[in-house]
Amino acid sequence: MKFLIGAVIAAAAVFLLYRATLAGAGVTCEACVRFEGREACKSAAGPDRLAAERAAVMTACALVSGGVTDTIACQGISPVSLRCSER
């Protein structure tokens, strides 16, 4: 069951990234998160900095968390590093 929930969250993250890319993404961010001893870094693009940051954090958290509760907890923690640039 946790796998299914994780897969749904990951699919939602991919959809958001796809949508942000089609919206003429002007900002790209790379977020690195650490959650329960696991670490992942992912990049995402968005129409503005806030959207790009959220998408990058959400995508990275999908890799290090297991289930909805863990994903929400991971997204509530500040990233270990965050780099953004405008296109």
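Observations on the structure shown:
- Put a dot 7 Å past the Cα of residue 86, heading toward its Cβ, do the same for residue 69, and the two dots end up 4.3 nm apart.
- Net dipole in debye of the chain [+1 Lys, Arg Cβ; -1 Asp, Glu Cβ; about Cα centre; nearest 20]: 100
- Cα-based helix-to-principal-axis angle, 2-22 vs the chain, degrees rounded to 10: 0
Values in this text are rule-based calculations from the coordinates and carry no lab data. A quick note: this is a predicted structure, and the numbers were derived from the prediction, not measured. For neighbour counting, all protein chains shown are included, and Cβ atoms are generated from backbone atoms with ideal geometry for every residue, glycine included.
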